[in-house]
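The values are calculated or read from the model by the stated rules, or taken from the named source; none is laboratory data. What you see is a predicted model; the values in this text were computed from it and never measured. Using ideal geometry, Cβ is built from the backbone for each residue, glycine included, and neighbour counts are taken over all protein chains shown. With ligands, DNA and RNA removed, areas are computed over all heavy atoms of the protein, side chains included. Shrake-Rupley method; radii C 1.70, N 1.55, O 1.52, S 1.80 Å.
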Amino acid sequence: MALAVESSKVILVFLTNKYLTSPNCTLELKYAVFCGKAFLFLAMEKLNLENTIPWVGDLIKEHPMFEISSINDLFQTKIDGVPKINVIGAAIRDI
């Protein structure tokens, strides 16, 4: 995973509550922070951020995050008249 992090320009983090409590995921996230990577968070379920490690919660609050409830949500939900998938793509390009 270190090579994948090192080779990435942007880290897309698909957040779930299980991800937030996983030691391996936390370690990978910590390494990406150490490497100075940009982040974009995709919340795949309702998150319980109160139970996360404080620095992880702070990191999530400092970067763009989009909630995704389903694949249809990406294409049918609009943000300011633009499909969510296009807004996410633009956010990635802008990082």
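Leaving out ligands, DNA and RNA, and with a 1.4 Å probe, what % of the accessible surface on segment 1-87 is carbon or sulfur? Could you put the intermediate results ahead of the total?
Details: 3320 of 5670 Å².
That share works out to 59 percent.
Please label the shape of the chain as rounded, prolate or oblate, based on the square roots a ≥ b ≥ c of the eigenvalues of the alpha-carbon gyration tensor (a/c under 1.5 means rounded; beyond that, a/b larger than b/c means prolate, else oblate).
The shape class here is oblate.
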Once both label points are put 7 Å beyond Cα along the C-beta direction, the Lys30-Leu3 separation in nm becomes 2.4 nm
What fraction of the DSSP beta bridges in the chain is antiparallel, stated in percent and rounded to the nearest 5?
20 percent
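If R₀ is 30 angstrom, what is the calculated FRET efficiency for the pair Asn51 and Arg93, using the beta carbon separation as r and rounding to 0.05? Spell out each step's value before the answer.
Details: r = 33 Å, r/R0 = 1.10.
Computed FRET efficiency for Asn51 and Arg93: 0.35.
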Using a Debye calculation, one point per C-alpha and no hydration shell, please list log10 I(q)/I(0) for segment 1-52 at q = 0.23, 0.25, 0.26 Å⁻¹ in order.
-0.89, -1.01, -1.07
Shape call for segment 42-95, from the Cα gyration tensor axes a ≥ b ≥ c (a/c under 1.5 means rounded, otherwise prolate when a/b beats b/c, else oblate), comes out oblate
Tell me the relative contact order for the chain as a rounded percent, counting alpha carbon contacts under 8 Å between residues six or more apart.
26 percent
